[in-house]
Amino acid sequence: MDGSQNIPRRELAFLDERGGFSLTLKRNCSNSPAGFACACGALAVAALAIGTGFALAGAWLVLPFAGLEALALGAAFVLYARHAADYERIELGAGRLTVEVADAQRSARYELDARRVQVCVRNEHGVRVVLRGPKEELEVGRNLDAEARLRFAAELDKRLRI
């Protein structure tokens, strides 16, 4: 028996609004930036305390490495926190497909003619969903796993053709 049958499927919550829809795709962050900061801070304090203890015992070379470990934990926190609030919001209404993308500190908004947009699925380096308009291409669904991307592409294509 295949163990993957017991894994619940994550449903995409398309919010229907007067003939259109709205969908927000976010990262699945298991810990908030504040919680992650507390964990990183506690680990950094513990590393520095242990390093200080060794330095007081005469092994002073441990302390600079404990400081490097604390800096590495700080860098990990910064990288995590920068992308914790990333999202993609896709809305269809009045013949326009609007895609709002927030990635780190950058935010961009794209408006496409819904009648002329094609939903393309590419399998070059993993499954990618690309919206192809007459003048531009836009990748969406980056915060989804491969299976959810395929379901998302099929549902978005179906709703664009209605």
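Laboratory data are not the source of any read-out in this text; all were calculated from the coordinates shown. Computed from a predicted structure; not experimentally measured. We place every Cβ from the backbone using ideal geometry, glycine too, and count neighbours over all the protein chains shown.
Counted as membrane-span-like here are DSSP H helices of the chain whose alpha-carbon atoms extend 27 Å or more along the helix's own axis and whose Kyte-Doolittle mean is 1.0 or above; these are 33-56, 62-83.
If R0 is 35 Å, the Cβ-Cβ spacing of ARG96 and HIS125 corresponds to a FRET efficiency of close to 0.70. Computed over the chain, relative contact order equals 18 percent, with contacts defined as Cα pairs under 8 Å that lie 6+ residues apart.
Just want the answer: with Cβ charges of +1 for Lys and Arg and -1 for Asp and Glu, which residue in LEU97, ALA108, VAL127 is farthest toward the dipole's positive end in the chain? Of the listed residues, the answer is LEU97. Comparing THR98, THR24, THR52 in a Gaussian network model of the chain, where Cα atoms under 10 Å apart are tied by springs, the biggest mean-square fluctuation is seen for THR52.
If we count other beta carbons within 10 Å of each Cβ, what is the order of VAL127, VAL140, fewest first? Could you put the intermediate results ahead of the total?
Values: VAL127 18, VAL140 22.
Ordered by Cβ neighbours within 10 Å, fewest first: VAL127, VAL140.
Our estimate of slack between ALA59 and GLN118, defined as 0.36 nm per intervening residue step minus the Cα-Cα distance, is 14.8 nm.
For segment 33-83, what does the alpha-carbon gyration tensor say about shape, rounded, prolate or oblate, given a ≥ b ≥ c as the root eigenvalues, a/c under 1.5 as rounded, and a/b over b/c as prolate?
oblate
Computing semi-axes √(5λ) of the Cα gyration tensor in Å for the structure here picks out one of (i) 63, 17, 12; (ii) 45, 18, 14; (iii) 30, 18, 13, namely (ii).
Taking 25 Å as R0, compute the FRET efficiency from the Cβ-Cβ separation of SER107 and LEU48 and round it to 0.05.
Details: r = 37 Å, r/R0 = 1.47.
Efficiency, from the Cβ-Cβ distance: 0.10.
Under the definition of Cα pairs under 8 Å and six or more residues apart, what whole-number percent is the relative contact order of segment 33-83? Walk me through the numbers before you get to the answer.
Numbers: 40 pairs, mean separation 21.8, N = 51.
Averaging sequence separation for qualifying contacts and normalising by length gives 43 percent for segment 33-83.
Looking at the square roots a ≥ b ≥ c of the eigenvalues of the Cα gyration tensor of segment 73-129, which shape do they give, rounded for a/c under 1.5, prolate if a/b is larger than b/c, or oblate?
Oblate shape, in that a/c is at least 1.5 and b/c is the bigger or equal ratio.
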